[in-house]
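For reference, the structure is listed below as structure tokens.
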């Protein structure tokens with residue numbers, strides 16, 4: 001079973017049922033994987049509930065953030081690099097409709113467009129040119145064969161529909177939020193903190209590094225997962241538990 005197919009099966013079965021499982025807190029330790037760029041070669045993934053924060057951390061085999069997509073010159077067809085923490089949290093925890101799909105926290109970079117209109121990540125006074133700077137999103141992932149066999153997408157919002165959305169939704173027709181959590185990249189480690197109100201100890205999680213692509217015609221599916229570099233667990237079984 002491929003990593004994509006396994007995650008699809010989690011969506012179908014309902015990933016949030018994992019929250020009912022009583023297990024000890026644990027991180028995920030992964031071996032080095034030949035053929036993967038060191039910056040995307042996951043070695044350890046942890047989630048820690050600490051005070052008023054839920055801290056997501058990933059350690060790679062090289063300098064995190066070292067590899068970004070090459071500028072495409074336009075949004076249609078452009079690529080996105082992502083560090084992803086799929087969780088067993090219900091999508092409603094981040095302000096989307098309950099039961100919408102797999103809720104994942106991501107840190108992404110994409111030089112061809114900006115999807116954080118409320119923030120000026122690069123500090124140049126322009127809030128519309130920050131896509132290349134690593135920044136955070138909540139996304140809801142669902143399967144879509146139009147992205148490829150067993151592949152996933154960020155869930156689309158069909159024309160005319162008005163689903164429940166977070167207040168910091170950036171206006172794109174997909175279930176993607178731009179909450180403004182500031183990621184910290186240092187050496188081989190990337191971390192980003194979410195409010196503890198999102199989840200706490202025992203939250204199931206995994207770690208993924210991946211590339212996504214915007215549809216060349218800006219049609220649905222708008223944002224597909226097109227390449228999975230590495231999966232912390234090896235099988236996307238969400239074995240991690242926040243401590």
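The values are calculated or read from the model by the stated rules, or taken from the named source; none is laboratory data. Keep in mind the model is a prediction, meaning the values are calculated, not measured. Positions of Cβ are backbone-derived with ideal geometry, glycine not excepted, and every protein chain shown enters the neighbour counts.
Taking the condition surrounded by fewer than 18 Cβ atoms within 10 Å (Cβ to Cβ) and free of Cβ contacts under 8 Å to residues at least 40 places away in the same chain, does residue 35 pass?
Criteria met by residue 35.
In the range 58-88, what residues are touching a helix residue (DSSP H, G or I) at 6+ places or on another chain (Cβ under 9 Å) and free of Cβ contacts under 8 Å to residues at least 60 places away in the same chain?
Result: 66, 67.
Being within 16 Å of the chain's Cα centre (by Cα), crowded, with 18+ Cβ neighbours inside 10 Å, in a loop (DSSP other than H, G, I, E, B) and modelled with pLDDT of 90 or more: is that true of residue 64 here?
So residue 64 passes the test.
Within the range 215-235, track down each residue that is outside any loop (DSSP other than H, G, I, E, B) and under 12 Å from residue 156 (Cβ atoms).
223, 224
With a cut-off of at least 2 residues that are touching a helix residue (DSSP H, G or I) at 6+ places or on another chain (Cβ under 9 Å) and surrounded by 22 or more Cβ atoms within 10 Å (Cβ to Cβ), name the strands (runs of 3 or more DSSP E) lying wholly within the range 89-204.
102-109, 135-143, 152-154
In this structure, does residue 212 turn out to be in a strand (DSSP E or B) and buried (at least 24 other Cβ atoms within 10 Å of the Cβ)?
yes
Could we say that residue 47 is assigned to a strand (DSSP E or B) and at pLDDT 95 or above here?
yes
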